[in-house]
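The values are calculated or read from the model by the stated rules, or taken from the named source; none is laboratory data. Because the structure is a prediction, the values reported are computed rather than measured. Note: ideal-geometry Cβ built from the backbone for every residue, glycine included; neighbour counts use all protein chains shown.
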Amino acid sequence: MTLHRELTIAISLLFIALFLGTWVTNIQGTRSFLEQQLASHAQDTATSLGLSLSPHMQENDLITMDSMVSSIFDRGYYREIVVTDMEGTPIVEKHLPVNIENVPDWLVAWIPLQTPTRSSLIMSGWKQAATIRVSSHPGYAYMELWSSTKIMLGWFAMLTILSIGITSIALRFLLKPLKAVEKQAEEISARKYELQTTLPRTRELRNVVVAMNRMTDKVREMFDAQASTTERLRELAYADPLTGLSNRRYFETQGESYLDTAISQGALLLIRLEGLQALNVSSGFATGDQFIKTAASQLSNLMPTDENLLLARLTGGDFAVLIKDVTDAQTEELATQITHQLAQLYPDGVAHTQNVVQIGVAIYSQGDDFHALLAQADTALRSAQAAAPNSWARFKRSDHSSSQSLGRQEWILQLKQAIDKKLFVLYAQQAVELKSPQHRLHHEVLLRLPSEDGKLFTADRFMPFAAQLNVIKEIDFLVIEKVVAHLSYRQHSTPVAINLSSATMKDEVFIEKILQALQTCQTTLIFEVSEFIAVRELDHVKRFAKQIHALGHHIAVDHFGRAFSSFGYLQSLRPIYVKIDGAFTLNIANDKDKQFYIRSLCSVAHSLDIQTIVSGIEHQELWPTLASLNIDGVQGYASGEIVPLEQLGQ
């Protein structure tokens with residue numbers, strides 16, 4: 001029972017007790033007064049009637065005496081009037097039964113009234129001739145008592161209701177800070193750290209609110225310190241302290257993942273600043289550092305803001321750019337822009353030699369060896385250095401250009417046909433709880449595109465082309481339509497996860513179509529967005545998360561830990577889980593630094609009650625290591641095979 005209700009009941013009982021006490025006191029006083037009135041009334045009647053009957057008694061006129069007694073008795077205020085001679089023989093006798101109307105029986109039984117009898121002598125001359133006895137009737141007294149009781153009850157009821165209403169409003173206002181404190185405590189449990197800005201006037205309540213605000217500040221500081229520590233560890237482990245770009249360790253960690261998930265073509269650019277050593281010798285290391293930072297800033301400005309691109313400083317004046325899903329023309333254009341932009345550092349006085357930059361370019365395909373690709377780019381860099389100042393060169397592979405160009409055109413035609421005819425097929429893979437592998441966390445939907453010869457192409461083979469054609473939103477919606485249609489006739493108790501692109505997230509028209517499609521979906525859906533999208537498009541993602549949450553669905557973050565950004569977005573977005581980027585789990589069993597970093601990521605997520613899942617786990621031998629890092633779930637061939645969506649279990 002709430003404090004407000006308890007206080008209201010207590011005040012109500014207090015008013016009832018006050019009424020009962022006042023009423024009992026009033027009843028006792030009224031009863032005494034009425035009994036005195038009845039006695040006085042009976043005595044007055046007996047005395048006056050005795051004097052009136054004396055002359056007629058002397059004449060022995062019994063008829064007149066009877067008429068006079070009847071005229072008095074018929075007024076109804078008497079229970080009996082009896083005239084007797086001196087021997088006690090009745091001369092005139094009038095009786096009225098005690099019948100009390102319009103008064104509750106309980107009142108008559110609970111408050112008995114004495115009906116006093118008074119008498120007087122009737123004289124005949126100087127001699128006593130008879131006696132008159134008068135008893136008052138209690139009915140009118142009870143009616144008066146009941147009338148006063150009803151009036152008092154009405155006033156008390158009205159005053160009680162009014163007082164309880166006013167008291168309830170006052171209590172609601174006074175206890176409002178306690179309700180706010182309760183909400184604040186619930187928000188702390190939900191890892192939300194809101195402060196109460198309005199302090200109550202009541203001193204005790206004010207102290208409670210101030211204490212809660214102080215505790216909220218402390219808890220928020222603890223989370224911020226933990227997140228800041230993890231971000232600092234990430235910077236120390238994977239960021240270059242001079243430029244703020246990724247360092248060589250992070251570049252190599254992500255490089256293998258890029259090559260595994262790329263389509264048929266990507267590019268690696270090795271960029272070398274020339275004359276750095278001579279600049280350090282002639283002008284000092286501070287000037288050399290400024291040269292490097294300016295070049296890094298220029299490179300960052302030239303790079304498109306895309307999660308498919310990775311820029312890093314390897315060492316000294318060496319930088320690397322790794323790009324997924326680019327054409328030859330796009331790669332050549334980027335290399336040319338970099339050389340022209342950095343060459344301007346000499347006229348600007350930043351570089352001390354006209355030969356500012358050399359670039360080596362290597363093209364890769366899915367499945368290529370990362371270290372071999374680095375060697376190819378290094379070979380191309382040496383070719384550029386031998387060619388001319390401020391130039392770039394590409395590593396030549398005889399079987400590259402014509403087949404790639406033809407393949408791209410075929411992809412474009414096949415995608416258009418697949419969208420028009422809805423040829424995409426859906427597969428799924430389960431994510432399981434690490435401590436209880438029999439418990440499924442969700443099924444992630446995987447998109448496949450059948451070819452004319454019956455092969456199935458994975459999404460990473462054709463989605464980049466879909467992005468280039470600006471049809472990725474249509475594909476996202478087709479996937480959702482197919483999933484909702486499947487779930488309409490076969491519901492799942494296990495949630496189903498679907499990936500969404502940045503283009504879809506920013507398109508309000510498609511978002512509205514998605515929300516309409518979800519109206520009839522009874523199975524819980526989880527929409528995964530990459531951390532890059534969650535950070536860059538946070539407002540769009542938060543709005544979408546709020547909309548789908550109202551329909552019983554959730555948002556999640558994929559590739560967690562890849563984006564070099566603050567973890568503050570987690571506190572406002574509150575995804576149901578985060579999937580740690582698979583690049584951090586490569587060789588994790590033997591890499592203590594990666595283990596420490598993943599454990600830190602888990603601590604940040606768990607402090608907000610967010611589950612952590614790692615993807616790309618192919619062997620169960622890694623599960624003990626992952627469990628020691630506080631991972632909640634795993635996904636990969638170690639958790640389950642990829643099967644058609646129709647074959648999913650419940």
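Points worth noting:
- Of all the listed residues (D318, D328), the sole one being in contact (Cβ under 8 Å) with a residue 24 or more places away in the chain, surrounded by fewer than 23 Cβ atoms within 10 Å (Cβ to Cβ), closer than 22 Å to S257 by Cβ and not assigned by TED's automatic domain parsing to the domain that holds A466 is D318.
- Subset of the stretch 128-174 [aromatic (F, W, Y) and loosely packed, with under 12 Cβ neighbours inside 10 Å]: W155, F173
- Counting only strands (runs of 3 or more DSSP E) wholly contained in the stretch 65-149, the ones carrying 2 or more residues that are more than 19 Å from A42 (Cβ to Cβ) occupy 117-124, 127-136.
- Criterion applied to S52, S12 was being polar (S, T, N, Q), farther than 30 Å from A157 by Cα, part of a helix (DSSP H, G or I) and out of contact with any Phe, Trp or Tyr (no Cβ under 7 Å at 6 or more places or on another chain), and the one residue passing it is S52.
- In the stretch 367-384, of all residues being within 16 Å of I338 (Cβ to Cβ) and touching a residue at least 60 places away in the same chain (Cβ under 8 Å), the one that is surrounded by the most Cβ atoms within 10 Å (Cβ to Cβ) corresponds to A377.
Residue-by-condition table, conditions (1) out of contact with any strand residue (DSSP E or B) (no Cβ under 9 Å at 6 or more places or on another chain); (2) modelled with pLDDT under 85; (3) not aliphatic (A, V, I, L, M); (4) not in a strand (DSSP E or B):
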residue	(1), (2), (3), (4)
G360	no, no, yes, no
G367	yes, yes, yes, yes
A375	no, no, no, yes
L406	yes, yes, no, yes
L426	no, no, no, no
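- Options D74, D61; residue that is surrounded by 14 or more Cβ atoms within 10 Å (Cβ to Cβ), among the charged types (D, E, K, R) and more than 60 Å from the chain's Cα centre (by Cα): D61
- Subset of the stretch 505-564 that is within 23 Å of S257 (Cβ to Cβ) and among the acidic types (D, E) - its residue that is nearest to the chain's Cα centre (by Cα): E528
- Enumeration of residues in the stretch 315-350 that are among the charged types (D, E, K, R) and either touching an Asp or Glu at 6+ places or on another chain (Cβ under 9 Å) or at pLDDT below 85 (or both): K324, D325, D328
- Test set (1) touching a residue at least 60 places away in the same chain (Cβ under 8 Å); (2) touching a helix residue (DSSP H, G or I) at 6+ places or on another chain (Cβ under 6 Å) - L601 fails condition number: (2)
- On inspection, K473 passes the criterion of being crowded, with 18+ Cβ neighbours inside 10 Å, in contact (Cβ under 8 Å) with a residue 12 or more places away in the chain, of a type in the set (D, E, K, R) and under 20 Å from V541 (Cα atoms).
- Single match in L487, L515 (criterion: surrounded by 18 or more Cβ atoms within 10 Å (Cβ to Cβ) and either in contact with a Pro (Cβ under 6 Å, 6 or more places away or on another chain) or part of a helix (DSSP H, G or I) (or both)): L487
- Taking the listed residues R234, R220, R214, the one that is at pLDDT 75 or above, assigned to a helix (DSSP H, G or I) and among the charged types (D, E, K, R) is R214, with no other qualifying.
- Scanning the stretch 465-492 for residues that are under 29 Å from the mean Cα position of the chain (by Cα) and of a type in the set (D, E) returns D476, E481.
- Taken as a whole, the condition of being in a helix (DSSP H, G or I) and in contact (Cβ under 8 Å) with a residue 24 or more places away in the chain applies to I548.
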